[in-house]
1. Find the residue count for the range B:145-198, including only residues that are among the polar types (S, T, N, Q) and in contact with a Pro (Cβ under 8 Å, 6 or more places away or on another chain).
2. Of the residues C:42, C:49, C:111, which is assigned to a loop (DSSP other than H, G, I, E, B), of a type in the set (Val, Ile, Thr), crowded, with 24+ Cβ neighbours inside 10 Å and more than 12 Å from chain B (Cβ to nearest Cβ)?
3. For the range C:225-241: of the residues being touching a helix residue (DSSP H, G or I) at 6+ places or on another chain (Cβ under 6 Å) and at the interface with chain A (Cβ under 7 Å from one of its Cβ atoms), which is surrounded by the most Cβ atoms within 10 Å (Cβ to Cβ)?
4. Among B:194, B:217, which is the only one that is buried (at least 24 other Cβ atoms within 10 Å of the Cβ) and farther than 30 Å from residue B:291 by Cα?
5. List the residue pairs whose Cβ atoms are under 9 Å apart, where the first residue sits in the range B:213-239 and is more than 9 Å from chain C (Cβ to nearest Cβ), the second is part of a helix (DSSP H, G or I) and charged (D, E, K, R), and the two are 6 or more positions apart or on different chains.
6. Somewhere in the range A:208-228, is a residue in contact with a Ser or Thr (Cβ under 6 Å, 6 or more places away or on another chain), farther than 27 Å from residue A:65 by Cα, in a helix (DSSP H, G or I) and within 14 Å of chain B (Cβ to nearest Cβ)?
7. Do you know which of the residues in the range B:233-253 that are in a helix (DSSP H, G or I) and over 12 Å from the mean Cα position of the chain (by Cα) is surrounded by the most Cβ atoms within 10 Å (Cβ to Cβ)?
8. For the range C:86-104, name all the residues that are more than 7 Å from every other protein chain (Cβ to nearest Cβ), closer than 14 Å to residue B:271 by Cβ and not in a helix (DSSP H, G or I).
Amino acid sequence: MAFVADVFGQALNGLAYGVLLFLLSVGLTLIFGMLDVVNLAHGSYYMLGAYAGLTLIAVTGNFWLALLVAPVAVALIGAGIERTCLRPLYRRGPLDQVLLTFGLIYVFEDLVKWIWSGRIRSIPTPALFSGSVTIFGATIPSYRLFVIVFGLAMAVALWALIEKTRLGAIIRAGVFDSEMTAGMGINIHRVFTGVFAFGAALAGLSGVIAGPIQSAYPPMGASILVPALIVVVVGGLGSLKGSLVGSLIIGQAETFGKVWLPGASMLMIYLVMALVLLVRPQGLFGRPLK
Amino acid sequence: MRSLRAAGFAVLVAVVAAFPLVAGNYPVKLLQEILIWGIFAMSLDLLMGYAGMVSFGHSAFFGIGGYVGALALLKSPGLISALLLPAVAAAAAALLIGFFSIRVSGVYFIMLTLAFSQMFYAVAFQAAWLGAEDGIVGVPRPAALGFSLTSPGSFHLYLLVLVVCAVLLLWRIVRSPFGHVLRGIHDNEGRMQAVGYPVNRYKLLAFVIGGTVAGVAGSLYAQLVGSISPDAFLWTTSGEVLLMVIIGGTGTLGGSMLGAAAFILLQSMVSSYTERWMLILGLTFVLLVLFAPGGILGALRGRVGIRS
Amino acid sequence: MKEVTRRKFLATASVAAAGAAAGPWVLRAQAQSEAAPVKIGVVVPYTGVYAELGVSITQGMRVVFARENDRVAGRKILMIQEDDEMKPPVGIRKTEKLIDSDKVDILTGPVHSGILMGMRDKVHNSKTILIVSNAGADAISRERCSKWIFRASFSNWQPNQPMGGWVAKNISKEVFLIAPNYQAGKDMMEAFKETFVKAGGKVVAEDYPKLGETDYAPYLTKIKQSGVKAVYCFFSGTDAVNFVKQFDQFGLKKTIKLTGAGFLTEPDALPAQGQSALGIITGHFYSPLLENPTNKKFVKDFRGLYGGKVPDGFACQGYDTAEVIVRALRAVNGNTQDKDKLVDAIAKVEFESPRGHFRFDPKTHNVIQPFIYIREVKETALGLNNVPIDKVADVRDPGTGCTLPA
């Protein structure tokens, strides 16, 4: 019985971690899928969100306000970058986007270090969720329970937005075939900027949410990029469902990897990716490749 | 025109060979690092500029060459350890990774190659027998044909000889019929396939050649610095060598050497003067992309280099 | 008359000529010893996650040099700082620049043990004097020791070995060990086990998460499920902050005592850990709350120079490094040409440091820790800090395999 409780406890950990990964990667998959843009600086928006949240909490003392406002700030930055730096590059293909966004990683990391110092900063847990609860013999911080509920709610909300609204239809059309969508008279430039800003906002949001668990430090942007990219690849470019399923699977794989195969825990995420891609190279729910 | 270029190349080689006679240890070390990263970048340019495969995992071969070379040299410091074993190991890895990666293209190819190199990073980072986080230190320089290459002068010449061989090899490949087919594939894969070329086999071969040269570069790096760490596998290493190719001008081969020089000099000099070097480096790349799309060589020649 | 005069003239003339010829040399020698500065190389991270440590160490060094008005034995002290970014290739490149290009008289640093191991041969073969101001790799005081390398900071063994016996006696005879999966982490746990097991302790389980892990949830759940009453760990920097915070978030603080190597709660991590760090017990050779007069002055001077910032162990390491340099140079009258003499002078240096009585172990060139203090995190007048509650005296690294001069 104790074993079941143990496994359940670790499964909860895996769920919380998976949900965090989902929030982080869903913005990236939308940007990738719709704009076909290699945005290596996606992790930087995650970092900016965390730091914006840090400052907002320091100034207002209110975590929930920060959760609302920080993503907006990051969205504005994202929109600005898209308009000035990325739009000229759409015609030029992945190479220049790689170089530019790689340069942006350096720029953002150093700016953050300049403004907030390189010291690791702690983001306080909201008072409402600062304890821990025990469910079926497994102890989990109540904040992580909140993350699970919040993340799953976000997944539902995003699904509704994309599947059930006109805006969502436009985004889906753009992901599927941007030329056609533009041909139908929709201002594709504004949609692109919007989607990019939205993706950045989601990354920023996940930065605030992850903050009380993982704190804020300048290299955090670069270090979160690879896990996010892998989730996107596993789930399938541009697929919301894929992002969710992929991140949940990887969350469990990594967690149980740490528990049962400690020497190989770093490898788990790559093994999952390799397995999925061997069977379905386009990812779990991605568009079939030509 | 050709003899002029050949003469120019010979002069350049002579200057590089004589450099230790006029410069101190530190500038010579920088030059040697530039040479090694230069052929590393050139091997990537073969893939990117000529075959059109943008790989974000080229560090995998650099790292494999570095680790295999380091481990082998610690056992027996000869040329086989220093050059042959790393090349074979890197070629094998390139065959394996290439086989899986070439099935996809574009963004997926970038992602897959990145993930493969990160896999190697994860293994190197956690494996105690590979030195884990600290890597392998105390790597000796090889002894070749009875001569020990530990003296700075002999090592410099040994390095130069190998770099020149690599450059000439890549240069010949690019100009050969094989190279022309690669360029054809890069321009229009469908057409090449329709004409009857086994496109994937050509791409795989290019991938393996590129990986092998990168592996030799990695081993030379371990010999130069005397150590190798998991950072050699990091995706940011792949990113940096990618930058070198793009800065110099993709599809120009020689540009990659220039790009390596520009990157390394910029990084060393700026970081000695200011703490804000990351900001400066990053801004430089951003501005470079926006305003000098052909890279250095492209700007010099006044035209845009071959890119995807 | 004429002959005497001529001889006298010749004598005078030759003396004058000799004086004229020698004059510029004498003047130049004097000018050299007055104008040529002593070059102290500093290779530590100023960017990256561990930049705080590099900055702290440098600040500690400056306290000493400022007190001496940046001069020793008639020569100016020139610090040449290079950022190694905590990356071995960069660190080795910068080391070579300092040794070959800048021709430093004494090299100090690094923070990262990997960089130290990578530069060891270059330093040894070029006969450059290195005073290690942080990196704790045990090997440098053991099989890789060198006549030219001194360590003014600590070896990874030193803060951990005394803790084993102390924890077994005062906290619990059963522990869960956890440290990042790299050489330093493993070495520290081994050192702890030496005295812990001997005192009758039992290691219930060990875990080594990857360095730079951000989510310790699976490990914390394992710790809870193991039923131990005490944890001994080593984490530093970002890892320390995340581990301590998550330990608290999981509610483990209520039933399990957290202990560890001192770096767990040093001031680079403490402010971010906040209340989660209260009650944590660690072993370290320093605490800003030490009562000895040298430390009181050090804290006062440091805070005065750096806007109220409280010094930490890293700053103390920097202070001691600089103090060693100053005293040794004074002992040889500023002569940096005779390296053997300088090495001897450094080996013989003894003084009152903020950590206690400082001296090198002639067997290993490693500092003999006057005390390893067992400290508890409490609220103090200086804010949250490490309060010494016990101590173990005279901790020297065993130095197995070290033969000096090497």
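1. Here is the first cut: in the range B:145-198, the residues among the polar types (S, T, N, Q) are B:148, B:150-151, B:154, B:176, B:188, B:193.
Checking which are in contact with a Pro (Cβ under 8 Å, 6 or more places away or on another chain) leaves us with B:150.
Adding up the residues that qualify gives 1.
2. C:111
3. Selected residue: C:241.
4. Values: B:194 fails: buried (at least 24 other Cβ atoms within 10 Å of the Cβ).
Just one listed residue meets the conditions, B:217.
5. B:224/B:29; B:224/B:33; B:230/B:133; B:230/B:134; B:237/B:231
6. Scanning the range A:208-228 turns up no residue that is in contact with a Ser or Thr (Cβ under 6 Å, 6 or more places away or on another chain), farther than 27 Å from residue A:65 by Cα, in a helix (DSSP H, G or I) and within 14 Å of chain B (Cβ to nearest Cβ).
7. Kept after step one, since they are in a helix (DSSP H, G or I), are these residues of the range B:233-253: B:233, B:235-248.
Add one more test, that the residue is over 12 Å from the mean Cα position of the chain (by Cα), and what stays is B:233, B:235-236, B:246-248.
Working: B:233: 29, B:235: 22, B:236: 15, B:246: 34, B:247: 27, B:248: 30.
Here the residue is B:246.
8. Of everything in the range C:86-104, just one residue is more than 7 Å from every other protein chain (Cβ to nearest Cβ), closer than 14 Å to residue B:271 by Cβ and not in a helix (DSSP H, G or I), namely C:86.
The values are calculated or read from the model by the stated rules, or taken from the named source; none is laboratory data. Just so we're clear, the structure is a prediction, and the values are computed from it rather than from any experiment. Methodologically, a virtual Cβ is constructed for each residue, glycine included, from the backbone with ideal geometry; neighbour enumeration extends over all protein chains shown.
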